[in-house]
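To keep things clear, I will list the structure first and then write my remarks on it.
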Amino acid sequence: MNMIEAELLLEDPALWWPNGHGDQPLYQLKVVLEDSATGRQLDARSVRFGVREIRWEQTPGTPADFINPL
């Protein structure tokens with residue numbers, strides 16, 4: 001099996017929020033694999049996805065080694 005990796009930059013994406021907490025924007029990504037000699041399309045995949053941000057913040061005033069309960 002051959003594997004290709006690529007890193008794509010999505011600057012300032014609109015974040016996806018859980019239902020009732022904000023907008024739920026989705027992005028569309030389409031990847032096409034072509035034969036470089038002939039230009040013939042060998043395969044293609046498309047996917048819709050959302051972008052979320054998860055951040056752990058220390059509660060002000062707690063010791064640095066204290067794990068905040070959720």
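No lab work stands behind these numbers, since they all come straight from the coordinates. The structure presented is a predicted model; accordingly, all values stated were derived computationally and were not measured. Heads up, the Cβs are rebuilt from the backbone with ideal geometry, glycines too, and the neighbour counts pull from every protein chain shown.
Might you report the magnitude of the Cβ-based charge dipole of the chain about its Cα centre, with Lys and Arg at +1 and Asp and Glu at -1, to the nearest 20 debye? Can you show the working numbers first?
Values: 6 positive and 11 negative charges, 62 e Å.
For this selection, approximately 300 debye.
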**Residues VAL47 and ASN19, FRET efficiency given R0 of 25 Å [Cβ-Cβ distance, rounded to 0.05]** = 0.75
**Request:** Read through the labelled values [x] 4.5; [y] 9.2; [z] 4.2 and report the label of the one computed as mean projected area of the Cα convex hull in nm² from the structure.
**Result:** [y]
**Request:** Would you calculate the separation in nanometres between label points at VAL32 and PHE66, each defined as 7 Å from the Cα along the Cα-to-beta-carbon direction?
**Result:** 5.7
**Message:** At a threshold of 8 angstrom on Cα-Cα distance, excluding pairs fewer than six apart, so keeping six or more, what relative contact order does region 14-54 reach in percent?
**Reply:** 42
**Request:** Would you kindly state how much longer the chain becomes between LEU8 and GLU57 on full extension, computed as 0.36 nm times their sequence separation minus their alpha carbon distance, in nm to one decimal?
**Result:** 14.9 nm
